[in-house]
Amino acid sequence: QVPGVDFDVVFSSVANDISFCLVLICMMMWKLKAKIFDVSTTFLMGDLDHEIYMDCSEGMEHEQDECLLLNKSIYGLCQSVRMYFRKFANVLIDKMGFWQCPSDPCLFMRTDERGKVIILGYVDDNLLAGTSDELIDSVLEEVRKNVFTITVEDKLTDYLSCEIEFNKD
């Protein structure tokens with residue numbers, strides 16, 4: 001891949017430290033419950049927005065002048081993380097009814113008759129806070145239904161190497 005020819009943007013948005021602090025404050029003020037979920041095989045999730053070709057792997061039968069046209073992003077592809085984030089954000093906004101914070105594109109929120117839900121993303125590690133465990137579990141199920149395989153950590157004790165401890169009093 002050649003920068004400027006095959007790609008020009010390779011980064012993915014990551015949550016701002018201030019947004020992380022604000023989510024923790026919201027959790028305390030609104031007494032929100034929280035879980036952490038990790039999206040598995042993140043870099044295989046992205047839909048490519050232009051044609052990308054690669055050489056055939058060793059051992060693969062092919063003609064000398066043949067190559068592969070990628071249909072999805074793969075590990076090692078420069079723009080895989082950006083393609084994943086775009087897909088993840090589109091699912092949250094278009095299919096799940098979240099709105100994206102204008103000042104931090106990794107902060108998503110949804111409010112409905114069941115309560116408030118906040119998702120803060122850092123590539124594939126996501127902090128999910130909501131007004132009840134049932135609401136959080138329903139959001140996790142929605143994420144699973146929308147093609148993402150996730151693992152869930154039920155206790156919020158560590159997020160992005162920050163140890164978290166709430167005093168219930």
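The values are calculated or read from the model by the stated rules, or taken from the named source; none is laboratory data. Note that the structure is a prediction, hence the values are computed from the model and not measured. Here the Cβ positions follow ideal geometry from the backbone for every residue, glycine too, while neighbour counts run over all protein chains shown. Ligands, DNA and RNA are excluded from the accessible area calculation, which covers all protein heavy atoms including side chains. Shrake-Rupley method; radii C 1.70, N 1.55, O 1.52, S 1.80 Å.
How much of the accessible area of segment 13-152, in percent, comes from carbon and sulfur atoms when a 1.4 Å probe is used?
Values: 4070 of 7620 Å².
Accessible surface attributable to carbon and sulfur in segment 13-152 totals 53 percent.
For the pair residue 65 and residue 147, a Förster radius of 30 Å applied to the C-beta separation gives a FRET efficiency near 0.30, rounded to the nearest 0.05. Highest mean first, the peptides 94-100, 104-110, 41-47, 60-66 sorted by other C-beta atoms within 10 Å per residue fall in the order 104-110, 41-47, 94-100, 60-66.
Note that segment 30-39 has calculated 3J(HN,Hα) couplings of 9, 6, 7, 8, 8, 9, 10, 10, 10, 8 Hz, one per residue in order, obtained from phi through the Karplus relation 6.51 cos²θ - 1.76 cosθ + 1.60 (θ = phi - 60°); glycine and proline are x.
Packing-based ranking of 157-165, 125-133 yields 125-133, 157-165, ordered from highest to lowest mean Cβ neighbour count within 10 Å.
Could you sort out which of 33/72; 31/155; 35/145; 35/87; 95/155 sit more than 25 Å apart by Cα distance in this structure?
The answer is 33/72; 95/155.
Taken over the Cα atoms of segment 12-169, the convex hull encloses 133 Å³ per residue. The mean accessible area for residues of segment 88-158, using a 1.4 Å probe and ignoring ligands and nucleic acids, is 48 Å² per residue.
Using bins of 10 Å that start at zero, the share of Cα-Cα pairs per bin across segment 39-111 amounts to 18, 36, 27, 11, 7, 1, in whole %. Between residue 31 and residue 161, the C-beta separation translates, for a Förster distance of 22 Å, into a calculated FRET efficiency of about 0.30. With a Förster radius of 35 Å applied to the beta-carbon distance between residue 114 and residue 22, the computed FRET efficiency rounds to 0.95.
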